[in-house]
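Notes for the one structure printed next.
The values are calculated or read from the model by the stated rules, or taken from the named source; none is laboratory data. These numbers were taken from a predicted model, which means no experiment stands behind them. Ideal geometry is used to build each Cβ from the backbone, glycine not excepted, and the neighbour counts take in all protein chains shown. Side chains are part of the model used for accessible areas, which takes the heavy atoms of the whole protein and leaves out ligands, DNA and RNA. Shrake-Rupley method; radii C 1.70, N 1.55, O 1.52, S 1.80 Å.
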Amino acid sequence: MSTLSRTMRLNRLPFVWKQMNVQFRMRTLNLLAFGLTVTQPVIFSAVGYFLARTAGRAQIDFIHTIIGSGVMGMWSTLLFTSFFDLRADRREGTLELLVGSPTSIFSILSIRAFANVLLGCVSFLLSMIVAMSLFGFALPHGNFPYFLVSLAIMLFGFWCIGIFLAHWPVVSRLSGLFLNYLELPIGMLTGFMFPVSLLPAWAQWLSMLTPLSWAFKGLSASFQSDIDLPSLWINWMMTLGISLVFLVGTFFMSKRVQDMIRVTGELSSV
Amino acid sequence: MQSENDHIINVENLQKTFYSIRGFWKREKHPVEAVQGISFSVRKGELFGIVGPNGAGKTTTVKMLSTLLLPTSGTATIFGLDVVKDTNLVRPRIGFTFGGNKGLYSRLSGLDNLKYFAELYKLEPDAITKRIKELLEVVGLTGREHDRVETYSSGMQQRLHLARALLHDPELIFLDEPTVGIDPVGAREIRQLVKDLVKRGKTVLLTSHYMYEVEELCDRIAVVNHGKVIALDTPAALKAQSSGDCVIAIQTPNGEQSLNGKLESLRQYLTQVHTSGDTLSLYTQTPSKILNELTPLLEQNVITNIEVRNATLEDVYVNIIKNNAA
């Protein structure tokens, strides 16, 4: 790498940090969003736990009850923050300043999505803490390094999906109306809440198109005592592959989105 | 002497059509022509004003020039660069603000807002602190930079907007109604800042509803109505259009008909007559003749007040707009 390109890369680091810093501060100063990050995973964990108990299962499914709730909380946080951030930008009149700046909207939204994914991690961790402290769960014996790799790959998947989602509120003011149609269906389709094998065949096919379902399979597998390594690798590769398709697709879509909103004039909240 | 090459902005027959959706079952696209073929150019170092009623197309024009909207047809170049094709080259060289309290992260401090936008405009990290310090001094916000923007007055927010627009030291600045909703003292401070910008060699395109503001600030003014430029000249030349008219504003609580046809007999001395509420504005070059006829009506309480003054730019503007509507 040339000295110049290294300098340019390093020079962008404050930009990334400043973007994330703004995101974190806005999030913690916004009670609704803060509450969402903190309370959603707790609610999902509790609902999962009590549903499982009501079903009378002697052995509660740790993966779908606890890990699934945590990932669901992460998904929920990412989905809502991706939409609410841009909606707030439109309402506050900052969206047109972002679009009108020399930094591409793709860069801005990628960094924001990354910050949102990190916030989603807080949800995930909280969910685990609640599961262990309130409901007395113990972590199953898995493989910690594999778990870390699976988690990192899953975060990458979430990040790519987050960038994709974050573009929709830029396109249309009405996109927020579809939030609730996405939250639970995607949660079900990706197997966070119960095994995908319980879904109809067509839904199982659909499930294979989302990187999150593969990511969740990988994460679940890392908790098994006897890990099927080839299958774990397939899950990782599929997550990375489909996520990259989303990422590259969103990159090209981003330019179209910018041109589209410049035609429709949907940048401001008027 | 300035040549064509000195023009920083060149706008040729610029048009913008939006589409609104009508109907529920049978949805129809209804075109709304916000800008209908505007042409003008702005010279380097000039302070150019665009005035016009609400919905005239001022903001749409500014948004097209600042690359936020794509024109439906026509061309616009800035520094010789096409605002549609060369967006990425135009953006680092322009700054813009839109009037009102929007356009800032209200829960962050003024300093954080500036730092954030400085990053978006790719300022060198080492230069950011110095530049922000300078600008806070310029806009008079030193000492308040750590406070949240939501605690700022409208005037302070507008000054922060201006600082934000100047972060990357742009050559051209678009100011869309910079003093809207600001008290007279705050507005005067903003006007002074705008004057200082021009003194420092910046080119400014400003839109406003306030005629005294554009008269005080602008080198040239374009009057826009229904998306078209209907007059374009220096404030002095526009005022000269009134041909030395004098305005006699009379208040008639019972309306024009209470003058019992008096106005008709005076028509030959009047160049224009405009009604606004219970006030009639009579434009004339022979005020004494009009006053002789109207003074008795004052005694009879048909007229409750008479004010005589020279035509202002606002009078000329009202004239231009009303004639255009007619």
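Structure notes:
- Tallying residues that are surrounded by fewer than 16 Cβ atoms within 10 Å (Cβ to Cβ) and aromatic (Phe, Trp, Tyr) within segment A:104-160 yields 1.
- When the test is whether a residue is more than 8 Å from chain A (Cβ to nearest Cβ), out of contact with any strand residue (DSSP E or B) (no Cβ under 7 Å at 6 or more places or on another chain), of a type in the set (Asp, Glu) and closer than 24 Å to B:Thr17 by Cβ, B:Asp126 does not pass it.
- Segment A:227-270 - residue that is more than 14 Å from chain B (Cβ to nearest Cβ) and not in a helix (DSSP H, G or I) and, of those, least open to solvent (accessible area, probe 1.4 Å): A:Ile227
- Qualifying residue in segment A:164-172 (condition: more than 22 Å from A:Leu244 (Cα to Cα) and of a type outside the set (Phe, Trp, Tyr)): yes
- For A:Ala88, the test of being small (Gly, Ala, Ser) and either part of a helix (DSSP H, G or I) or surrounded by 18 or more Cβ atoms within 10 Å (Cβ to Cβ) (or both) is passed.
To keep it simple, each residue is scored yes or no on (1) among the polar types (S, T, N, Q); (2) surrounded by fewer than 19 Cβ atoms within 10 Å (Cβ to Cβ); (3) touching a Pro at 6+ places or on another chain (Cβ under 9 Å); (4) under 30 Å from B:Leu217 (Cβ atoms).
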| site | (1), (2), (3), (4) |
| --- | --- |
| B:Ala231 | no, no, no, yes |
| B:Ala236 | no, yes, no, yes |
| B:Gln241 | yes, yes, no, yes |
| B:Gln272 | yes, yes, no, yes |
| B:Gly277 | no, yes, no, yes |
| B:Ile290 | no, no, no, no |
| B:Thr295 | yes, yes, no, no |
| B:Ala311 | no, no, no, yes |
| B:Glu314 | no, yes, no, yes |
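- Exactly one residue out of A:Arg12, A:Arg25 is modelled with pLDDT of 70 or more, within 14 Å of chain B (Cβ to nearest Cβ) and either within 20 Å of the chain's Cα centre (by Cα) or at negative phi (or both), and it is A:Arg25.
- For B:Asp196, the criteria (1) out of contact with any Pro (no Cβ under 9 Å at 6 or more places or on another chain); (2) more than 21 Å from B:His7 (Cα to Cα) hold in every case but one, which is (2).
- Residue match in segment A:61-80 (condition: at pLDDT 75 or above and within 21 Å of B:Pro125 (Cα to Cα)): no
- Residues in segment B:146-176 that are open to solvent by less than 40 Å² (accessible area, probe 1.4 Å) and assigned to a loop (DSSP other than H, G, I, E, B): 4 in all.
- The single residue among B:Leu69, B:Leu136 that is of a type in the set (A, V, I, L, M, F, W, C), facing chain A (nearest Cβ under 10 Å) and either surrounded by 17 or more Cβ atoms within 10 Å (Cβ to Cβ) or under 23 Å from the mean Cα position of the chain (by Cα) (or both) turns out to be B:Leu69.
- Hey, A:Gln40 modelled with pLDDT under 80, crowded, with 19+ Cβ neighbours inside 10 Å and polar (S, T, N, Q) or not: yes
- The residues of segment A:176-226 that are over 14 Å from the mean Cα position of the chain (by Cα), in a loop (DSSP other than H, G, I, E, B) and surrounded by 15 or more Cβ atoms within 10 Å (Cβ to Cβ), listed by number, are A:Gly191, A:Met193, A:Phe194, A:Leu199, A:Ser222, A:Phe223, A:Gln224.
- Segment B:89-110: number of residues that are over 25 Å from the mean Cα position of the chain (by Cα), more than 7 Å from chain A (Cβ to nearest Cβ) and open to solvent by less than 30 Å² (accessible area, probe 1.4 Å): 2
- Condition met for B:Gly80 (more than 11 Å from chain A (Cβ to nearest Cβ), of a type in the set (Gly, Ala, Ser) and under 29 Å from B:Glu150 (Cα atoms)): no
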